[in-house]
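Enquirer: Questions regarding the structure given below will be posed in turn.
Read-outs: derived from the displayed coordinates by stated rules, not from any lab. Only a predicted model underlies this, so the values are computations on that prediction, with no experimental measurement involved. Cβ sites come from the backbone with ideal geometry, for glycine too, and all protein chains shown count toward neighbours.
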Amino acid sequence: MDFIPGLTLSEMFFHEIVKPIMDRHYPSLQYAAALIGRGSEVLGLDDETSTDHHWGPRLQLFLEPSDFTTNAGRLKELLAQELPRTFKGYSTNWSKPDAFKQQFLIVPDGNKINHRVEIWMVNGMIKHLLGTSSPDVDDIGWLSIPEQGLIGFTSGKVFHDATGELSAARTKLQYYPDNVFRFILASEWSHYAEEAAFVGRAGARGDDLGSRVISTRIVYRLMRIAFEINKKYIPYSKWLGTLFVQLPISLKLLPVLADALKSNDWRARERLLCDACLILVNEQDRLGIISGSDAKCGKYFNRDQLVVEVGDIIKGLKNAIAGPLKSMKYPIGTINQFVDDVNLLTDPEFSRKFFFFKRL
């Protein structure tokens, strides 16, 4: 059986199977259909390996609140009775969630299908993925939302949208508003500035392993900046490199970063990281995000270590911020910039509670 990408499979499943059922039984119902949320197929990055869990004929139907209250339960039961047992060679029946909330395609053991045509309200999905109940988020609120949820909500594909509500919400959440964008970018440049000199400092003391670890951390920060100046949400680590190479700037940046990671000479590493940093500075200027920084590679104070001085960039970004973010003591960025615990970042409601508890 030839592999069918999950997003394509789900779109076919909707048009060939689910929509005809909806048309027969609910011809006047206004709804949206999509595949969004979690899963590699939502990003278009699935392959045959992805089919072993949480993958198969599935999608979401989004009802208006009054219709959800009236019809969600009956619609779920109707689909359980009328969906075929297989579609394009794949079972449509799913196991119950395991201890890790994963589900698997299994052969049905009765007449009803335990399907994954999930019934949602738009704001319910926003709450599920983002921890907030509305697409209208204030500047501080944006900082507490795990980026993986934002990627999930705005990626995938909408197959049908009779009300326009889902598409409108996805447009609102497509990327951070300008104040938040500048705040996040200032944070990332600050993280670079904190460690840039340590590549050479550790190397000069004979700590080659430490220098390599710091180099890797800086490469990660520079990759994040590349996503940010192109106004793209940053995926979690599994897909970071895969989506990075889709950025236009990666044509210039990738060879330099790769050489920095491969180098056995700490002096070469710090020069290459400066080169990569300047590529990003020039791209920022070209995009009109900030200009006039006059950044260049030079010595850290009078030490024999090379860095790019980005203080003017950070200052310029912070000066361009309006509203409550301007008064934040430190440009800490979003929760993704200072937390990497998977449990926290995949639980958006807890993530928001954590952020607002810790915020000073």
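Enquirer: If contacts are Cα pairs under 8 angstrom and at least 6 residues apart, what is the relative contact order of segment 6-172 in percent? Could the numbers behind the result be given before it?
Expert: On the way: 258 pairs, mean separation 52.0, N = 167.
This gives 31 percent for segment 6-172.
Enquirer: Residues of segment 7-25 with amide nitrogen under 19 Å from the 7 Å Cα-to-Cβ point of Thr70?
Expert: Flagged as within label range: 22-25.
Enquirer: Can I ask one more? Order the peptides 204-212, 156-164 from the highest to the lowest mean number of other Cβ atoms within 10 Å of their residues. Don't skip to the end; give the middle numbers.
Expert: Details: 204-212: 14.6, 156-164: 17.0.
Ranked by mean Cβ neighbours within 10 Å, highest first: 156-164, 204-212.
Enquirer: Most exposed first by the Cβ proxy, i.e. fewest other Cβ within 10 Å, how do Cys297, Cys274 rank? Present the calculation step by step, with values, prior to reporting the outcome.
Expert: On the way: Cys297 15, Cys274 21.
Lowest count first: Cys297, Cys274.
Enquirer: Measuring from label point to label point, each 7 Å out along Cα→Cβ, what is the Leu240 to Thr49 span in nm?
Expert: Calculated label separation equals 1.7 nm.
Enquirer: A further question on this structure: Could you compute the FRET efficiency for Arg303 and Thr346, with r as their C-beta to C-beta distance and R0 at 51 Å, rounded to 0.05?
Expert: Values: r = 42 Å, r/R0 = 0.82.
After rounding, the FRET efficiency stands at 0.75.
Enquirer: Residues with beta-carbon under 15 Å from that of Arg267, excluding Arg267: net charge, scoring Lys, Arg +1 and Asp, Glu -1? Can you show the working numbers first?
Expert: Numbers: positive: Arg201, Arg205, Arg212, Lys262, Arg269, Arg271, Lys299, Arg303; negative: Asp207, Asp208, Asp259, Asp265, Glu270, Asp275, Asp304.
That sum, taken over residues with Cβ under 15 Å, equals +1.
Enquirer: From the alpha carbon gyration tensor of segment 6-172, can you work out the equivalent ellipsoid semi-axes (sqrt of 5 times each eigenvalue) and give them in Å, largest to smallest? Walk me through the numbers on the way to the answer.
Expert: Numbers: eigenvalues 130, 82, 39 Å².
Taking √(5λ) for each Cα gyration eigenvalue gives 25, 20, 14 Å.
Enquirer: Oh, and also: Quick check on the exposure proxy: order Trp94, Trp239 from fewest to most C-beta atoms within 10 angstrom. Don't jump to the answer; show the numbers that get you there.
Expert: Details: Trp94 19, Trp239 14.
Starting with the residue having the fewest Cβ neighbours, the order is Trp239, Trp94.
Enquirer: Another one. Nothing charged except the Cβ atoms of Lys and Arg (+1) and of Asp and Glu (-1): what's the magnitude of the dipole of the chain about its Cα centre? Round to the nearest 20 debye.
Expert: Numbers: 43 positive and 43 negative charges, 144 e Å.
Computed charge dipole of the chain: roughly 700 debye.
Enquirer: Enter the Cα centre distance for the pair segment 23-72 and segment 203-272, rounded to the nearest angstrom.
Expert: Value for the Cα centre distance between the two parts: 36 Å.
Enquirer: Normalised by the empirical 2.2 N^0.38 Å for globular proteins, what value does the Cα Rg of the chain take?
Expert: Numbers: Rg = 23.7 Å, N = 360, 2.2 N^0.38 = 20.6 Å.
Expressed relative to 2.2 N^0.38 Å, the Cα Rg reads 1.15.
Enquirer: Using the 4.7 Å Cβ rule, please list in number order the cysteines from the chain without any candidate partner.
Expert: Those would be Cys277, since no other cysteine Cβ in the chain comes under 4.7 Å of theirs.
Enquirer: Taking the Cα centre of segment 211-360 as the origin, how large is its charge dipole in debye, to the nearest 20, when only Lys and Arg (+1) and Asp and Glu (-1) carry charge on their Cβ atoms? Provide the component values of the computation, followed by the final result.
Expert: Working: 24 positive and 15 negative charges, 57 e Å.
Here segment 211-360 has a charge dipole of around 280 debye.
Enquirer: Between Arg85 and Lys315, with labels modelled 7 Å along Cα→Cβ, what's the label distance in nm to one decimal, could you check?
Expert: My value for the distance between the label points is 7.3 nm.
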